[in-house]
Each structure stands twice: as structure tokens, then as C-alpha cells.
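One structure is given below, encoded as C-alpha cells.
Quick note: the coordinates plus some simple rules give every number you see, no bench work behind them. What you see is a predicted model, and the numbers here were worked out from it, not measured in a lab. All Cβ positions, glycine included, derive from the backbone under ideal geometry; neighbour counts span all protein chains shown.
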Number of protein chains: 2
Amino acid sequence: MKEQTRRNFVAGAVALGATATLSATGSDDKSVASYPLVHHVFFWLKNPDSKEDQAKLIEGLRTLGDIPSVKEIHIGVPASTEEREVVDNSFAASEILYFEDVEGQNEYQAHSIHTAFVENYSHLWDKVIVYDAIAVE
Amino acid sequence: MKEQTRRNFVAGAVALGATATLSATGSDDKSVASYPLVHHVFFWLKNPDSKEDQAKLIEGLRTLGDIPSVKEIHIGVPASTEEREVVDNSFAASEILYFEDVEGQNEYQAHSIHTAFVENYSHLWDKVIVYDAIAVE
């Protein structure tokens, strides 16, 4: 960050009384880099208004946490944040799976719990988008 | 989960020698529900091949961790996982911000560090997609 820009940020934060967060370590305190590989998946249902199908899908997603290489799991539904043009709140369920590395993600893809999940629950969804991201240093 | 389905999962896992993961607590051990609200953001650059612009954007994303209501942050780039039809690896950078609740996310949206980020870095991106998800119990 350019020094001038940083000073502007600091000045802005001081104005809001937020100095305590601007420690020397900064945002490094907040990383979740112990599991750097995140596998984001968003699901859209064939019956988007069916709460029953949504619940079934979530039941299936919960099983994925039993796969050994999955280190953390977050299963979600759209949050009631402000509606903005860039926000897509049309999905029925989301998951974030955390892995130590790409190999862990490969193990997950091939694991019988994952293949059983696809076999038993894929009839529920119409569309899936996956984003795999690796933490930057 | 239906009992028959569960038995099939267990049988499959046993076949792979993965019984140790099927404890009574199951995937509950792996939740990250202390920060239930996740704000996923994916960025596509105007100059998608510019490593310099990607680095600048990441520099900007790092500043967001200094916002008090941001409890954890994960900044990523596409991982080298297998190319599959459902995987979108065309984004330049991703962030996951973790909040305690919707109010924390609202504070973040209004915070001067966030507005400065948009002001100073939005010229770099062509498209942004946001997904806000709240953990299911």
C-alpha cells in the first residue's frame, strides 16, 4: 500500500475510533490460512421454492464433513443482507469446504461419501457453481 | 438421513478404512459456526491477464481485514484443482469475510476502510459477484 493511502486509511479509522484494530500485525491476525484451500459450492434447486428439497440437500451436505480430508465445513443459506445489484441471493444452499491442499480436495472428490452424496442428492439441483481458491500469502 | 442410506455410507467408508471419522459427533467437530455469516466475493479484472492488477487488487483486499466487524478473512486466487464443467476458475481474486451477524456485515459496508477500498480499487475490476450466506444450525 502506498504510504499516503495508508495514512488516509489510518486517518479515516481514527476518525471512527477504530485505532485498536490497526495493530502492527494488521489483518494477519484474522487469517484462516491453516486451511488454505477453500472449495465454495453454490446450489440452485430444480424446485427453488421447496423448503423440503432445500432441507434434503442440506442433510446431504452435512455428510461431507465426515470425509477425512475436509478440515472445516460451513453450510449456509442466503443471508438477509441488503439487496444490491452485485449480490446473488438466488441460490438455495452453499457450502465451503476447507482443505490443507489440492491433494486433500482430490481425495474428497474421489471419496465414497462424496460420490454417494452426488448419487443420492443430485436429482434435487438444477445448477451448481464451484469456485476453488487457494489463499495468497 | 434415512437409516438405509446411512448404512450404505458407513459400509462405503468402512471399505475405505475411514471408520475413525464416523464418530458420534461426526462433522459437528468441523463447523466454523462461531462466525456464521460469510460474505463471499469474486472479482474479475478488466485486464484479466495482468498480474500487476491482480496484485494491486489483493493489496486492496488485505486492508478489509482491519475493519473491526470482520472477524476472519480469506483472500484467494484460483486453485489448481481439476478442470470440471461446474468449476469456474476465471476469477482473478476471491475473498471470504466472516461476520458474527448481518449487523456486522452492514457495519463493514459503511466503514471508511471499505468505502476507500471501493474508491481506490474498483477501477481494476470488470465484474463482481457476491454471495452472502448464513450458517444453518
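Between copies, the label points at B:E82 (set 7 angstrom from Cα along Cα-to-Cβ) are spaced 4.2 nm, reported in nanometres from shortest to longest.
Among residues other than B:F117 with Cβ under 11 Å from its Cβ, the summed charge is -3 (Lys and Arg +1, Asp and Glu -1). Neighbours of B:S80 by Cβ distance under 14 Å: Lys/Arg scored +1, Asp/Glu scored -1, total -4. Calculated on the alpha-carbon coordinates, the convex hull of the range B:25-137 measures out at 123 cubic angstrom per residue.
In a shell of Cβ-Cβ distance under 12 Å around A:A133, excluding A:A133 itself, what net charge do Lys and Arg (+1) and Asp and Glu (-1) give?
-3
Here is the link list: A:K46/B:K127; A:K127/B:K46; A:K56/B:K46; A:K127/B:K127; A:K56/B:K51; A:K46/B:K71. Which ones come out longer than 31 Å on Cα distance?
A:K56/B:K46; A:K56/B:K51; A:K46/B:K71
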